[in-house]
Structure formats: C-alpha cells, structure tokens
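J.: Handing you a structure now.
The values are calculated or read from the model by the stated rules, or taken from the named source; none is laboratory data. Quick caveat: nothing in here was measured; it's all calculated off a predicted structure. Cβ: placed from backbone, ideal geometry, glycine included. Neighbour counts: every protein chain shown. Surface areas here come from the heavy atoms of the whole protein model, side chains and all, with no ligands, DNA or RNA. Shrake-Rupley method; radii C 1.70, N 1.55, O 1.52, S 1.80 Å.
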2 protein chains.
Amino acid sequence: MIIDCHGHYTTAPADLQKYRDGQIAGLKDPAYVPQKANLKISDDQIRESLEGAQLKFQRERGTDLTIFSPRASAMAHHIGNETTSQNWTQACNDLIKRVVDLYPDNFVGVCQLPQSPGVPPANSAAELERCVKELGFIGCNLNPDPSGGNWTAPPLTDKHWYPLYEKMVELDVPAMVHVSSSCNPNFHATGAHYINADTTAFMQFITGDLFKDFPTIKFIIPHGGGAVPYHWGRYRGLAQDMKRPLLPDMMKNNVFFDTCVYHQPGIDLLFKVVPRDNILFGSEMVGAVRGLDPETGNYYDDTKRYIEALQLSDAERKKIYEGNARRAYPRLGAILDRKK
Amino acid sequence: MIIDCHGHYTTAPADLQKYRDGQIAGLKDPAYVPQKANLKISDDQIRESLEGAQLKFQRERGTDLTIFSPRASAMAHHIGNETTSQNWTQACNDLIKRVVDLYPDNFVGVCQLPQSPGVPPANSAAELERCVKELGFIGCNLNPDPSGGNWTAPPLTDKHWYPLYEKMVELDVPAMVHVSSSCNPNFHATGAHYINADTTAFMQFITGDLFKDFPTIKFIIPHGGGAVPYHWGRYRGLAQDMKRPLLPDMMKNNVFFDTCVYHQPGIDLLFKVVPRDNILFGSEMVGAVRGLDPETGNYYDDTKRYIEALQLSDAERKKIYEGNARRAYPRLGAILDRKK
C-alpha cells in the first residue's frame, strides 16, 4: 500500500472560498455578524473537484491513499480573530470529512486547527478532539506561526504549546508542522515561508527538551525537512557543539520528514543522510508546484518516481510507503485494518 | 590560488567586545554619551587572535586567502539606534583593516554595514564608500533583516534598498546577504535564521526584477544558498509556474552561492544542480560549527575536503577556488595582480 502523507484540498469547490470571502469582507463591516458556514456544495461537486485532480493523479501515479487536510495556504490564521478562525476551520474540516466519506478508500482526514495570533493553543484542543473523535481524523496541521510571517508566537518547544500537545498525546495523533500564507512581504509562501518554518521547527527540536516532556508525541516536518538534509552536517555539528543528542536519536519516534522534494538529487540526498525510519512518502499534490519538469517530462511533484529510482530493498520501500506512516499516525493502523 | 570567500573575525581580541558591552550598557544609562571606539588592541593581540585560528587553518587546509569581514552574529543591527550601529560598525571595519594590513597575503577586507531597523539603506552608503575607497575593501555584508528576526524591512527587491545598490554598483562591489543574531526566540541564529535568510533572499530574487534595474549588481548567498539546492526542483517549478526566468539565467552574473555546507552529500548536491559558474569556495571558518565530525575525523567546516572529493576538472576547480570569486568581487583582481 502506498500512502501519501501530505495532500491538501487545494481544489475545493468555489462555495468554500465564497464563504471565506464573506468572512474577510465582514471584518471591515461593523454590521457583520460572524456566521458558521452553511455551504451549498453537493456531493457531485466534491467528486468533480477530486476526479480530475487528486484521484486522477493517484491512479496515474499508482498511489493508494492520501492523508488529506484543508488547503494549508488558506488556513491564514492571521486573518480576523478567534471566531473567524474557528468558523473557517470547522468549515474546512467538515468538508474534508465529506471527502473521506465519499472516497473512504482514497483519503484519510487530517484537520486544520483554529489558531489565531495571541490565542492560547489550548483553545485549539476542542476542534482537534471533535475531528479525531467525531470525524475520525488521524492528525492535525499545526501552524507554528499563526501571525503569518511575523513569527510572534513562542517556539514549538515552549510550554505555551503544551496544552495542545497534551490533547495530541491523549488522542494519539501527530501534528504536521505547517505554516500558512504569509502576510510578510519578505516571505513568498510556498517558496520561503514553508521551507523556513520546516528548518526553524527542526532547530527548535534540537535545542529544546520537548521529547523528554512528551516521549510519545509525533511531528511531521514537511517539504523534506526544509533545509535540514542539505545542511545535515551543519545540524549534526551544531547539536554536537551544544552537547545535544545525535540527530537520529532526537528524531527516533518523534520527528518525521516527508518526501516533498521535487527533484531526484534532493531525494537522493534525503535518503543518504536521514534515517529511513523517519521518512514518510508524501507529494503535496495538488499543491505548490503544478508543472511538468522539462528535464524529465514528468510532474515535479510526482515524488513516487524519485523514490522508485532509489536502490531500496522491498522492506525499506514498504517502510517509506506505509510502515513509517503507521508509526507516525498511530490511528492509521486501525483504519487500514478495517478496510481489509 | 584558493580563495575562501566567507570568513568572519570571530576571534577578535576582547577589547572589541568590551567596547560593544559598553555601548549596550549605555543604552540603559540616560547619562551615556555615544562614543566612537578607541580600542586598546595591539598588533600582537591581533596576530595572536589569528595565528592559532584562521591562519592555522589556512595553513593546515591549504587555502591561500580569506575574504574577511566582521563577525556576522555580532553585527546585531537591532541593538540600539543608528548611532550605535554606526559606531560599532566603524570599529569592526577598522579592525578588519588592521588584520588586512598585518596579513595582506592572507586576508582581503569586506565590511559590515551600519544598518538599523527603519533607517534608510542610503545611510549605509557612506561607510561602504569609506571601506572601499579608504580601506581597500572589496564588498559588504548586507543584512536583509536589521530587526534581527522580526523581518520588518521590505524585501531585497524593493526600491527601499536601491540607494545602497546604486552605491554598490558605482563602487563595483558585491554584497553577501547575511543576517546577524536573532532576537526572535523562534530562530536559532546559525541554525535557523541564517539559513532562512538565504532561502528567503533567493526566492525574492526569483520573484523580483532587481537584475533588470541593476544588471551588474552582485550578491553572494552564503551557506550554500540556504535550502535552495536541496529544493532546486521546487524553485525551478515555482519559477516556471510564475513564468519567471530559468534559475541559471536569473543567477548568471548576479547571484553566487558559497560552499559553506558541512558534509559531503550536501556539497555533492550543490555541484549537481547549481551552475558551476555560480559557486564560490567558502568555509565560514572559524564560524558556526567548530567541531570535528566523528564520521570523518575532520572539521565539519573544512569544506575544501568536500570539494577535493568531487570529480572536477582542473579548470572547474580553478573557477570554484578563484575564477568565480574574481567575477563576484570585481575589485579582487586588481588586488591579486598587485600581489604578484
């Protein structure tokens, strides 16, 4: 079984964005009363949004299941206030649930969290619990920078985040560390902010003691771990200079990288340096990079091709495609076993 | 000749830091009158600070010349005000000049700029001119985030920076894009902030039209180009989706990466994807990572070993070690020719 751990609903029907546009317009309208979404999206519209995109690519590329969450760039936790974010998040998560219900063999749900700058992470716990217990989701996307590029929240290793971590541990679900769009003009969202956040989170994990306090908590750092594999020697050396644990010991059962790296030399490097127990297959399709690579004739984000080109044993390939995902998402196993 | 394009005076005699400490203490003292430095540093103290460090490593590793600038993490442009930064910068640059005068065969100078959050970059031009015309320096370090991790300045492609760029072009000197320490607890300086800034700058260059406005301006993006080579496919794909120039065409005579990547697989990747006309040998010694790699028994930052392990032709190796540096630093040639 080939499990793609990183897919966002980037092709959601237009009515979702219409609701969002209303929310955003309402922020400037003193008469606007925040409302929960009441989307007019039919099952057929959902099918249509997926059949020519994610499902088509699953078939063409030969992947089986996508761990699927709301569009990351649209989370935009910096817009509006806590209510804005709560309502928007519920709408997005409920739509993911409908996708999973329509295509239970193709998708498993992961939720967006209702974060806002300055709002305690504890306030995200209820939505996480709803998504896991009521909607059957298996993880969440955690934005380390709800301010959207101003980086005003404390580091992920700060006790600020602990109430949410306690809920994650209680529910046995991981978080993918994933920022959203950037309102800081310095940071292009998918070209700088995403990658920077990945790198930043990893360095926080090196310097902090989070996994002493939460030995079973799990994080996925997407986009191949940001800059980390390329600078693996730098990170090994920094950890060593600071007398911190070896990187594989730090990552062990707590930190995973996905394979959203869109060229063969990058994937080769990832597999050369990062322990293979800590790599999850992922493509982020349909996502940040949608074109065909003229050098190969294939889609940049068809990351399965790069994995297939590696010299992996069958057992290793199975880990990357399925086994490690079962470890990173403890609730995935029960869902897969139920499917059988 | 082997030219290391990236060295900072991280081992400067203690009197420099004593002056800085006085500056910083003065910020809290209403009676303090900002003063220019009057350092009590003897030539012997300078010799001593270098003989057991940078000069020793030059000898041991077989490199000839280091393009040498003040300690990057100590620039800390976010501390104090414009006067603080002016005085501190002059002190640091003057000390580099003394190093170059003592060891003209081993060092060439590059200056720190007197930046401050909210202060127009035009105000840095005079110190740049002084360093180039009076001190004989061949470039500058430009901090894209003088706020130290809050990223409050406009992107490098914004007209905000143009007055400084005009001076760079007039003087024919490049800038190494180099942030300093971070006062944002999210960002470990050398482990996150530095690498993020490199990645951020490159993405700005992809999306902006800076090199149309300044066809001859030159930037060095240090630390191997941040995350860029690892995500080369992502950046190629993003540029393609946005109908921007091909990366090699964008970089051509304007953007160079150094080789401050502290393990063989990273260097292998760099040389596999980035045009070899755009790579400058650099080590950042004595810098961010000072230990011995237990996997190799050598210093992590002994990057010459990684280059030597590549299958480069003599002509290519000469470009990486010298030829590309002559292109990136147009004033270097005259200095090298004078030495002959």
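J.: Of the conditions (1) under 25 Å from residue A:211 (Cα atoms); (2) in contact with a Ser or Thr (Cβ under 7 Å, 6 or more places away or on another chain), residue A:106 clears all except one; give me its number.
T.: All conditions are met except number (1).
J.: Please enumerate the residues belonging to the range A:168-195 that are more than 9 Å from every other protein chain (Cβ to nearest Cβ) and small (Gly, Ala, Ser).
T.: At the first step, the residues of the range A:168-195 found to be more than 9 Å from every other protein chain (Cβ to nearest Cβ) are A:168-183, A:189, A:194.
Answer for the range A:168-195, where residues must be more than 9 Å from every other protein chain (Cβ to nearest Cβ) and small (Gly, Ala, Ser): A:175, A:180, A:181, A:182, A:189.
J.: Tell me, which residue of the range B:205-224 that is of a type outside the set (Val, Ile, Thr) and open to solvent by less than 10 Å² (accessible area, probe 1.4 Å) is nearest to the chain's Cα centre (by Cα)?
T.: Initially, the range B:205-224 is screened for residues of a type outside the set (Val, Ile, Thr), giving B:205, B:208-215, B:218-219, B:222-224.
With open to solvent by less than 10 Å² (accessible area, probe 1.4 Å) added as a condition, the list becomes B:205, B:210, B:219, B:222-224.
Details: B:205: 17, B:210: 20, B:219: 9, B:222: 6, B:223: 9, B:224: 12 Å.
Filtering first and then ranking leaves B:222.
J.: Let me ask you something else. Of the conditions (1) in contact (Cβ under 8 Å) with a residue 24 or more places away in the chain; (2) away from chain A (no Cβ under 11 Å); (3) in contact with a helix residue (DSSP H, G or I) (Cβ under 9 Å, 6 or more places away or on another chain); (4) in a helix (DSSP H, G or I), residue B:136 clears all except one; give me its number.
T.: Against the list (1) in contact (Cβ under 8 Å) with a residue 24 or more places away in the chain; (2) away from chain A (no Cβ under 11 Å); (3) in contact with a helix residue (DSSP H, G or I) (Cβ under 9 Å, 6 or more places away or on another chain); (4) in a helix (DSSP H, G or I), residue B:136 comes up short only on (4).
J.: Which members of the range A:225-250 meet the condition of being at the interface with another protein chain (Cβ under 8 Å from one of its Cβ atoms) and without any contact (Cβ under 8 Å) to a residue 40 or more places away in the chain? So that I can check it myself, show each step before the final result.
T.: Initially, the range A:225-250 is screened for residues at the interface with another protein chain (Cβ under 8 Å from one of its Cβ atoms), giving A:226-227, A:229-238, A:240-241.
Listed by number, the residues that qualify are A:226, A:227, A:230, A:231, A:233, A:234, A:235, A:236, A:237, A:238, A:240, A:241.
J.: Before we move on, is residue A:32 of a type in the set (Phe, Trp, Tyr) and farther than 26 Å from residue A:332 by Cα? Break it down into steps so the answer makes sense when it comes.
T.: Working: of a type in the set (Phe, Trp, Tyr): yes; farther than 26 Å from residue A:332 by Cα: yes.
The answer is yes for residue A:32.
J.: Of the residues B:123, B:141, which single one is in a strand (DSSP E or B) and away from chain A (no Cβ under 14 Å)? Walk me through it before giving the result.
T.: Values: B:123 fails: in a strand (DSSP E or B).
Result of the check over B:123, B:141: B:141.
J.: For the range A:232-250: of the residues being basic (Lys, Arg) and assigned to a loop (DSSP other than H, G, I, E, B), which is least open to solvent (accessible area, probe 1.4 Å)?
T.: Looking only at the range A:232-250, we keep the residues that are basic (Lys, Arg), and these are A:234, A:236, A:243-244.
Of the ones still in play, those that are also assigned to a loop (DSSP other than H, G, I, E, B) are A:243-244.
On the way: A:243: 178, A:244: 63 Å².
Among those that are basic (Lys, Arg) and assigned to a loop (DSSP other than H, G, I, E, B), it is A:244.
J.: Inspect the range B:5-13 for any residue being open to solvent by 50 Å² or more (accessible area, probe 1.4 Å) and modelled with pLDDT of 95 or more and give the result as yes or no. Talk me through it step by step, then tell me what you get.
T.: As a first pass, look at the range B:5-13 and keep what is open to solvent by 50 Å² or more (accessible area, probe 1.4 Å): none.
Looking for residues that are open to solvent by 50 Å² or more (accessible area, probe 1.4 Å) and modelled with pLDDT of 95 or more, one finds none in the range B:5-13, hence no.
J.: I'd like the full set of residues that are within 25 Å of the chain's Cα centre (by Cα) and of a type in the set (S, T, N, Q), limited to the range B:1-51.
T.: B:10, B:11, B:17, B:23, B:45, B:49
J.: Return the residues of the range B:142-165 that are open to solvent by 20 Å² or more (accessible area, probe 1.4 Å), in contact with a helix residue (DSSP H, G or I) (Cβ under 8 Å, 6 or more places away or on another chain) and over 21 Å from residue B:207 (Cβ atoms); say none if nothing qualifies.
T.: The answer is B:163, and nothing else.
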